[in-house]
1. Pull out the extension gain between GLU200 and HIS79, defined as 0.36 nm times the separation in residues minus the alpha carbon to alpha carbon distance; nm, one decimal.
2. Quick one: which of LYS62/LYS117; LYS2/LYS30; LYS117/LYS179; LYS2/LYS117; LYS2/LYS188; LYS6/LYS188 span more than 20 angstrom between C-alpha atoms?
3. Could you calculate the contour length gain from ARG149 to LYS30, that is, 0.36 nm times the residue separation minus the distance between their Cα atoms, to one decimal place in nm?
4. Where Lys and Arg each count +1 and Asp and Glu each count -1, what net charge lies around GLN189 among other residues with Cβ under 12 Å from its Cβ?
5. Work out how much length TYR129 to ASN190 would gain on full extension: take 0.36 nm times their residue separation and subtract the Cα-Cα distance, in nm to one decimal.
6. Taking only C-alpha pairs under 8 Å that are 6+ residues apart, what is the relative contact order of segment 55-184 in percent?
7. Taking the Cβ of PHE177 as the centre, find all other residues whose Cβ is under 13 Å away and add up their charges (Lys, Arg: +1; Asp, Glu: -1).
Amino acid sequence: MKETRKGMLLVISGPSGAGKGTLVDKLLDKDPSFAFSVSVTTRAPRKNEIEGVHYYFISEEKYDTLLREDAFLEHASVHGHRYGTLRREVYDRMNRGQNVLLDIDPQGARAVMDREKEAVSVFILPPSYAELRVRLHTRNTENPEEIQRRLENARGEIAQMNRYRYLIVNDDLNLAFEKLSAIVRAEKQNSARYFPVVEE
């Protein structure tokens, strides 16, 4: 049996604190067919974030240059900072048959979904707003004003969850990862990107 594959564009999104980053890390660890698309951001690195691994940390001036060059697949201002997914980073890999994973905010995810109709979009939900508040406080990466802004934004983001192809409630990490893995396994066999040849 001969077969060829077109790269899958997997978009994982959700409100801050829903746990999408943890699920993304687990998927990348378990499935070597995926490459993580490193986005650019104008915000400062958090503790333990590595340049070129988690983000490309750039200046506002460099961001403006990329914007003028139409270098972004999507770009957005989120929580007072600017983010963007580099078009070349995604398309070069997909054209080589590699699966590409985007971990992006809902605003950026919607822009990608509008442009890439075959993108596999997954929205990660918290079990409750109370739990989301706890998670944002315990990760110790934002100040109280930033946490409040993210909680307020979460309500609007969750209100648009029906725009995504799949929804996963992350109330149990192992179960949520099982669901994400099942989605990925099924989508790898989608006839839009999997082309087996039945030989004589």
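FYI, it's all coordinate maths here, none of it is from the lab. Computed from a predicted model, the values in this text were never measured in an experiment. Neighbour counts are summed over all protein chains in view; Cβ atoms, including those assigned to glycine, are modelled from backbone coordinates with ideal geometry.
1. 37.8 nm
2. Too far apart for the 20 Å limit: LYS62/LYS117; LYS2/LYS30; LYS117/LYS179; LYS2/LYS117.
3. 39.5 nm is the gain from fully extending ARG149 to LYS30.
4. That works out to +2.
5. So the chain would gain 18.5 nm between TYR129 and ASN190.
6. After rounding, I find 20 percent.
7. Once all neighbours under 13 Å are counted, the net charge is -1.
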